[in-house]
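Data block below; observations after.
Read the figures in this text as sums done on the coordinates, not as results from a lab. Quantities reported herein were computed from a predicted structural model and do not represent experimental measurements. Heads up, the Cβs are rebuilt from the backbone with ideal geometry, glycines too, and the neighbour counts pull from every protein chain shown.
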Amino acid sequence: MVSRVNNVPPLDLTQQYAQIGDEIGAAVQKVLASGGYIGGPAVKSFEQEFANYTGVSDCVGCNSGTDALILALRALKIGPGDEVITTPFTFFASAETISAVGATPVFVDIDSGTFNLDVELLEAAITDKTKAIMPVHIFGQPTDMTRLMEIATKHNLAVIEDCAQAVGAEWESRKVGSIGHVGCFSFYPTKNLGACGDGGAVTTNDRALAASMRMLKEHGQSSRYFYEEIGYNSRLDALQAVILSIKLRYLDSWNSQRREKAAVYSEFLSRVPGVAVPKELPAAKPVWNQYTIRLTSQDTIRLISQAEAPNPSGNFRDSMRTKLQESGIGSMVYYPLPLHLQPVYKSLGYQVGQLPVAEQVCGEVLSLPMFPELSRDQQERAIYGLKDCLTKG
């Protein structure tokens, strides 16, 4: 019999804080007493620790994962007239930042098993305007970086890895963020390595790119009060840096626990009719920021139409989510509408049916509770609760 435990949230950060709260409190108090809140040794120390962890020469802390993407694009001199290939199935910031620097996002369809860019479709999207590829390691699942880098090298394209959801993930034993020209990380609280506020970082093995990004994040300042170009105020503060340094010590353990939870989900749910569990590629070591299934029965599929944008609802997946919530089981939908069909990108001219896998997946995906401290009782309740909802329809 499944234990009747309290409601199962999709995420619970309070348990993590209970585990390391004393360490965080002491470190924060030390920074507060120092009077040095911006920059300084705490930030430099974290940048070096994170560079070492990721396996790169340089890490540049910044204000957010969004800013990390902008700094990377700017340092690579990508702007008006340029195209950057990315995925339509991701958080808006991936495409938004491309637009923010004046370039044009070009969307390529995804693989239905990993939810990542279908790398075999990349070359067909490359034009003489293409300057970069931005793979997104969605939900903590690494993209096939071997094939992607082969294509990028062949066409002399920069690669910006969006690692916002994938800190610690590996492809062929290399950490994401160390494979492309630049890696971009978010430390938003819900990420595997989350700050107690906003934060981000860029990683690279290119010292010139690192120097450019350091300058851009400080208003384009090359030395005090001397400015080389228009930049940003995008700094990782010392309080967040010391918190991240503490959490970094626990990250591998937390990611290991996430992999254990994912294995349990896959073992049980792979036998449930109408449920497709995420595919794990042999060369990948995911970190499961989200564990996302698809509800694949034919009667659950409802292609998104332009008339339904931007808030499609009412399909089978959504009804299952409602039933789970009524049973005390939390879940999330990432993402209900692909980026190429968002109202803001209407001018790009994408049509319904043009990227069919992403469009279908958006009507099927459901992210189940996932965090390191998720108990076996909670996970079993989520599993059997979902099976019960599917059985009753």
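Here r is the Cβ-Cβ distance between Glu120 and Phe92 and R0 is 22 Å; the resulting FRET efficiency, rounded to 0.05, is 0.30. For a paramagnetic label modelled on Thr296 (point 7 Å from Cα along Cα→Cβ), amide N atoms under 14 Å away belong, within segment 107-134, to 111-115. Mean sequence separation of contacting Cα pairs (under 8 Å, at least six apart), scaled by the length of the chain, corresponds to a relative contact order of 21 percent. Were the residues from Ser327 through Glu267 laid out at 0.36 nm apart, the gain over their Cα-Cα distance would be 19.3 nm. Over 28 Å apart at the Cα level, from the set Lys279/Lys346; Lys175/Lys217; Lys261/Lys323; Lys30/Lys77; Lys217/Lys247; Lys175/Lys261, are Lys279/Lys346; Lys30/Lys77. Based on C-alpha pairs under 8 angstrom that are at least 6 apart in sequence, segment 252-392 has a relative contact order of 32 percent. Working from label points 7 Å from Cα in the Cα-to-Cβ sense, the Gln257 to Ser375 distance is 1.3 nm. A quarter of the convex hull surface defined by the alpha-carbon atoms of segment 58-192 gives 7.5 nm² as the mean projection. Find how many whole Å separate the alpha carbon centroid of segment 1-73 from the alpha carbon centroid of segment 330-360. Going from one Cα centre to the other spans 31 Å.
From helices alone, the chain scores -11500 deg cm²/dmol at 222 nm; the rule is -39500 (n - 2.57) for each run of n ≥ 4 DSSP H residues, then divide by the residue total. Amide H to amide H distances under 5 Å link Val8 with Ile329, Gly330, where only residues 5 or more positions off or on other chains count and H is placed in the peptide plane. Coordinate range of the alpha-carbon atoms in segment 14-248 per principal axis, descending: 56, 45, 27 Å. Shape annotation for the chain: C-alpha extents along the principal axes are 67, 54, 36 Å, from largest to smallest. DSSP beta bridges fully contained in the chain are about 60 percent antiparallel. Computed 3J(HN,Hα) for segment 245-256, one whole-Hz value per residue from the Karplus formula 6.51 cos²θ - 1.76 cosθ + 1.60 where θ = phi - 60°, is 4, 5, 5, 4, 5, 9, 4, 4, 5, 4, 5, 4, glycine and proline marked x.
Under the simplified labelling scheme, the Ile38-Leu281 pair shows an inter-label distance of 4.1 nm, with each label point 7 Å from Cα along Cα→Cβ. For the pair Val344 and Glu172, label points projected 7 Å from Cα toward Cβ lie 3.5 nm apart.
Remark: Val264, Val287 ranked as Val264, Val287, counting other beta-carbon atoms within 10 Å and listing the fewest first. Coupling constants for segment 89-97 follow from the phi torsions by the Karplus curve (6.51 cos²θ - 1.76 cosθ + 1.60, θ = phi - 60°), and in residue order they are 10, 6, 5, 4, 4, 4, 7, 4, 5 Hz; glycine and proline get x.
The mean sequence separation of alpha-carbon pairs under 8 Å and at least six residues apart, normalised by the residue count of segment 78-185, gives a relative contact order of 23 percent. Residue separation of Ala100 and Thr127 scaled by 0.36 nm, minus their Cα-Cα distance, works out to 7.7 nm of gained length.
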